[in-house]
Amino acid sequence: MHVIGLDIGGANLKAATTEGHAATRPFEIWKEPARLAAELRGLLDGLGPHRVIAVTMTAELADCFVTKAEGVGFILEAVEQVASSTPVYVWQTGAEFVTPAVARDIPHLVAAANWHALATWLGRMAPRGSALLIDVGSTTTDIIPLSDGVPVPSGLTDLERLQSGELVYSGVRRTPVCAVAHSVPFRDGYCPLAAESFATTLDVYLVLGEIPGNPGDRQTANGRPATVEEARVRLARMLCGDASEVPAADVEVLARFIADVQRQRISAAANRVLTAAGRAPVETVLTSGSGAFLAERIAAEHPRLRTASRVSLNDVFDARCSEAACAFAVARLAAERLGDFL
């Protein structure tokens with residue numbers, strides 16, 4: 001059964017088919033929420049015909065909505081408009097699909113449930129023993145414990161997961177640099193960072209060569225291209241300077257320091273999750289997301305994870321599918337669980 005999975009985020013729309021074709025489309029819903037249906041239609045047009053649309057979301061948290069319930073309803077209305085007569089099913093943290101009508105009645109179970117779909121589907125890659133999923137995206141990181149292939153989180157809502165360390169609001173593209181560290185090494189001491197969104201972690205990883213430059217990408221802090229040269233300009237501005245005051249060598253030191261701090265913070269959150277989960281040694285670490293390179297580095301360096309076997313969705317499938325991992329997971333789950341009913 002040909003299913004398309006949708007992962008509708010606040011800044012990115014992601015879609016994937018059961019066959020592994022995937023696409024990501026930048027869209028900041030809080031700026032133009034009325035365009036959501038048109039953006040979804042454009043995303044789906046390139047993925048061929050489908051019999052079912054499976055949905056998960058995080059965009060309900062966007063500040064264009066007063067409540068999560070309002071956001072869930074708005075998003076589902078846009079999906080149904082695009083779907084027309086195609087059946088739509090929504091994943092919820094009770095580990096099952098529901099119709100949009102039911103989803104509207106249980107908004108806190110379908111809100112931000114994409115991590116749960118991903119963990120439920122990827123759990124089959126670690127069917128025995130203790131495992132940990134680390135999914136690093138553009139905006140957030142999910143750290144999800146699994147036991148015998150089943151997710152066993154401490155919390156289900158974003159609020160509960162923030163408190164437990166299972167959700168870290170830090171990613172490899174959209175996180176403001178000043179949200180990672182307050183000061184950085186500069187010359188013979190440290191310099192405080194401007195508390196402004198002059199640069200993001202995208203600039204850090206552009207400068208360090210972890211993310212390739214893309215002159216056509218303007219989803220940056222200042223709307224200028226996502227290139228190494230422009231990234232250096234944006235990072236220098238975090239010190240209220242420019243290239244004449246903060247040369248490339250100093251910018252690289254800044255970038256490496258920010259990357260180190262971000263990795264340490266996510267690693268500390270992983271340690272909290274592991275401590276809460278108990279003393280059983282982790283046998284498998286699963287990694288995915290647009291920041292899978294960071295997840296893999298954390299797994300390799302963490303004293304409680306480095307001896308575990310590692311499975312990267314980048315290796316099992318491809319980078320585009322790994323970036324849209326939650327959409328791919330929800331598509332595969334729908335094909336498996338709904339096939340007998342359609």
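Kindly provide the set of residues from segment 17-39 that are in contact with a Cys (Cβ under 8 Å, 6 or more places away or on another chain), buried (at least 21 other Cβ atoms within 10 Å of the Cβ) and either assigned by TED's automatic domain parsing to the domain that holds Q219 or modelled with pLDDT of 95 or more (or both), ordered by number.
If the condition is that a residue be in contact with a Cys (Cβ under 8 Å, 6 or more places away or on another chain), buried (at least 21 other Cβ atoms within 10 Å of the Cβ) and either assigned by TED's automatic domain parsing to the domain that holds Q219 or modelled with pLDDT of 95 or more (or both), then I29 is the only one that fits.
Of T220, T227, which residue is without any contact (Cβ under 8 Å) to a residue 24 or more places away in the chain, crowded, with 19+ Cβ neighbours inside 10 Å and over 18 Å from T141 (Cα atoms)? Reasoning before the result, please.
Details: T227 fails: crowded, with 19+ Cβ neighbours inside 10 Å.
Going through T220, T227 in turn, just one is without any contact (Cβ under 8 Å) to a residue 24 or more places away in the chain, crowded, with 19+ Cβ neighbours inside 10 Å and over 18 Å from T141 (Cα atoms): T220.
From the set of residues in segment 68-100 that are without any contact (Cβ under 8 Å) to a residue 40 or more places away in the chain and of a type in the set (V, I, T), which is surrounded by the most Cβ atoms within 10 Å (Cβ to Cβ)?
V90
Quick one: count up the residues across segment 158-201 that are in a strand (DSSP E or B) and within 17 Å of V253 (Cβ to Cβ).
Counting residues in segment 158-201 that are in a strand (DSSP E or B) and within 17 Å of V253 (Cβ to Cβ) gives 8.
Rundown of residues vs (1) under 15 Å from I134 (Cβ atoms); (2) surrounded by 18 or more Cβ atoms within 10 Å (Cβ to Cβ), yes/no style:
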| residue | (1), (2) |
| --- | --- |
| D260 | no, no |
| Q264 | yes, no |
| L305 | yes, yes |
| S309 | yes, no |
| D318 | no, no |
| A325 | yes, yes |
| F328 | no, yes |
| E336 | no, no |
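Please find, among L109, L76, the residue that is outside the structural domain of I134 (by TED's automatic domain parsing) and either closer than 25 Å to G223 by Cα or in contact with a helix residue (DSSP H, G or I) (Cβ under 7 Å, 6 or more places away or on another chain) (or both).
Of L109, L76, the one residue that is outside the structural domain of I134 (by TED's automatic domain parsing) and either closer than 25 Å to G223 by Cα or in contact with a helix residue (DSSP H, G or I) (Cβ under 7 Å, 6 or more places away or on another chain) (or both) is L76.
Among the numbered conditions (1) loosely packed, with under 14 Cβ neighbours inside 10 Å; (2) closer than 30 Å to E230 by Cα; (3) not β-branched (V, I, T), tell me where G278 comes up short.
In the conditions (1) loosely packed, with under 14 Cβ neighbours inside 10 Å; (2) closer than 30 Å to E230 by Cα; (3) not β-branched (V, I, T), G278 misses (2) alone.
For segment 261-342, which helices (runs of 4 or more DSSP H) that fit wholly inside it have 2 or more residues that are under 22 Å from G165 (Cβ atoms) and free of Cβ contacts under 8 Å to residues at least 24 places away in the same chain?
292-301
Among the strands (runs of 3 or more DSSP E) contained in segment 28-125, which hold 3 or more residues that are within 19 Å of the chain's Cα centre (by Cα)?
52-57, 88-92
The values are calculated or read from the model by the stated rules, or taken from the named source; none is laboratory data. Please read all numbers here as calculations on a predicted model, not as lab measurements. Backbone-built Cβ (ideal geometry, glycine too); neighbour counts: all protein chains shown.
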